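Peer 1: For reference, the structure I am asking about is given below.
Taken together, the values in this text are just the output of simple stated rules run on the coordinates, not laboratory data. As the structure is a computational prediction, the values presented were derived from the model and not from experiment. All Cβ positions, even for glycine, are placed from backbone atoms using ideal geometry, and neighbour counts span all protein chains on display.
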Amino acid sequence: MIKESQSVKVLVTGGAGYIGSHTVLELVTAGFGVVVVDNLSNASEQSLQRVTELTGKPIPFVNADLRDRSAMATLFQTHRFDAVIHFAGLKAVGESVSKPVAYWDNNVGGTLVLLQSMEQAGVRRIVFSSSATVYGDPQRVPLDEAAAIQPTNPYGRTKACIESILTDLATSGPSWAIGTLRYFNPVGAHPSGQIGEDPRGLPNNLMPFIAQVAVGRRERLSVFGDDWDTRDGTGLRDYIHVVDLALGHVDSLRRILNHPGHWTVNLGTGTGYTVLEVIRAFERASGRSIPFEIVNRRPGDIASCYADPANARALLGWRAERPLEQMCEDHWRWQSNNPNGFSSTHG
């Protein structure tokens, strides 16, 4: 059992990314020792520089790919880690359909090398970044953790596959402590406006696209269908503030440090908002008009998806606390301060 966070060292894979950097900030703030490994394929090292500015503590960083066995062996030989928080992976649903081999190689292949490196180093605690996409098209909402696992795209299938690997690993010996977190839709940014979501190329998710329209980088938003079975005909999702999500990882880390076993929880708010409701909320937060057009549905999309987060409350004492208005305000603060993301002039 480990009680003092100051004595705990955590490896965060993919820690320079959107959710990773916010979690690193909350871990450091809580007093944990953190080392980040990231290949920067969809992230910027500047996110960690800004975490250092916000916390006053440098973040040790290793630029490496998890599939690089030599680099991973060196990393685990250099540091004595107590636990791993595993974010690293490709995450665009549409891209996964066109590049399935790359997704299986990166997400599953990288995780296998990580787990082998952990075993060799005697590290038996891991928090895994999974996704609500493992549920596919839900038979009912809200979704609890007992819902069927039936992903509809290669990205979701890689997450479900890794979950199966972790289940097998937990069964193989009682020393493992494994927490699997199924996220719903992370949005928003740190309230400082210094770190936030900085997608490469065309955003895959709703709120960063809305924000880029609001700041003038995109002309208009495409809304994929207005004939869904929802309040206003547009798709309904469970949006969760990235800071709430990051704090869920801190709570999860504390649990795996002190309790062996394997558990899975949803991290969501339990409330769904439609695309049009998010647009209106962002317009209020930004004071900007968001032009949009209704276009055809996307293949593989679903009408509604939102969480039953009761298990996370019971197991971790965690719940999402930041409302949609704050998600939009914080996301807009980040985007307006950094109109071109981390490539903007730092100010």
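Peer 1: Normalised by the empirical 2.2 N^0.38 Å for globular proteins, what value does the Cα Rg of the chain take?
Peer 2: 0.95
Peer 1: In addition: Scale the Cα Rg of segment 207-347 by the rule-of-thumb value 2.2 N^0.38 Å and send over the ratio, two decimals.
Peer 2: Segment 207-347 yields a ratio of 1.20.
Peer 1: Here is a follow-up. Quick one: if the Förster radius is 30 Å, what FRET efficiency do residue 137 and residue 200 give, using the C-beta to C-beta distance and rounding to 0.05?
Peer 2: On the way: r = 28 Å, r/R0 = 0.94.
E(calc), rounded to 0.05, equals 0.60.
Peer 1: Over all pairs of distinct alpha carbons, what does the Kirkwood formula give as the hydrodynamic radius of segment 1-112, in Å?
Peer 2: Hydrodynamic radius (Kirkwood, Cα pairs) of segment 1-112 is 14.6 Å.
Peer 1: Quick check: residue separation of residue 52 and residue 232 times 0.36 nm, minus the Cα distance between them. What number comes out in nm? Write out the running numbers ahead of the final one.
Peer 2: On the way: separation 180, 0.36 × 180 = 64.80 nm, distance 4.31 nm.
So the extension gain works out to 60.5 nm.
Peer 1: Here is a follow-up. Helix 324-337 versus the longest principal axis of the chain: what is the Cα-based angle in degrees, 0 to 90, to the nearest 10?
Peer 2: Approximately 90 degrees, to the nearest ten.
Peer 1: Another question about this same structure. Considering only DSSP states other than H, G, I, E and B, which GluC sites (Glu not before Pro) in segment 1-88 qualify as loop sites with at most 11 other Cβ atoms within 10 Å?
Peer 2: Taking segment 1-88 and a limit of 11 other Cβ atoms within 10 Å, the loop GluC sites (Glu not before Pro) found are 4.
Peer 1: Of all DSSP beta bridges located in the chain, what percent are antiparallel, nearest 5?
Peer 2: That works out to approximately 5 percent antiparallel.
Peer 1: Now for a different question. Once you place label points 7 Å from the Cα toward the Cβ at residue 313 and residue 74, how far apart are they in nm?
Peer 2: 4.8 nm
Peer 1: Just subtract the alpha-carbon distance of residue 293 and residue 148 from 0.36 nm times their residue separation and send over the number in nm, one decimal.
Peer 2: That pair, residue 293 and residue 148, stretches by 48.8 nm at full extension.
Peer 1: Fewest Cβ neighbours within 10 Å first, please rank 305, 161, 328 accordingly.
Peer 2: 161, 305, 328
Peer 1: Taking 45 Å as R0, compute the FRET efficiency from the Cβ-Cβ separation of residue 112 and residue 325 and round it to 0.05.
Peer 2: For R0 = 45 Å, the calculated efficiency reads 0.60.
Peer 1: Something else about it: Estimate the FRET efficiency between residue 168 and residue 258 by the formula 1/(1 + (r/R0)^6), using the beta-carbon distance for r and 22 Å for R0, to the nearest 0.05. Before the final figure, lay out each step's value.
Peer 2: Details: r = 23 Å, r/R0 = 1.06.
Step by step, r from the Cβ atoms, then E = 0.40.
Peer 1: Give the angle, between 0 and 90 degrees and rounded to the nearest 10, that separates the Cα long axis of helix 69-78 from the longest principal axis of the Cα atoms of the chain.
Peer 2: Tilt of helix 69-78: around 60 degrees.
Peer 1: Per residue of segment 108-124, what does 6.51 cos²θ - 1.76 cosθ + 1.60 with θ = phi - 60° give for ³J(HN,Hα)? Whole Hz please, x for Gly and Pro, Karplus curve as stated.
Peer 2: 7, x, x, 5, 4, 5, 4, 5, 5, 5, 4, 4, 5, 8, x, 9, 10
Peer 1: What's the tally of Lys pairs in the chain whose alpha-carbon atoms lie under 24 angstrom apart, where the two lysines are 8 or more places apart or on different chains?
Peer 2: Qualifying lysine pairs in the chain: 5.
Peer 1: Another question, then. If I fit a long axis through the Cα atoms of helix 242-258 and take the longest principal axis of the Cα atoms of the chain, what angle between them do I get, 0 to 90°, rounded to 10?
Peer 2: Value to nearest ten degrees: 20.
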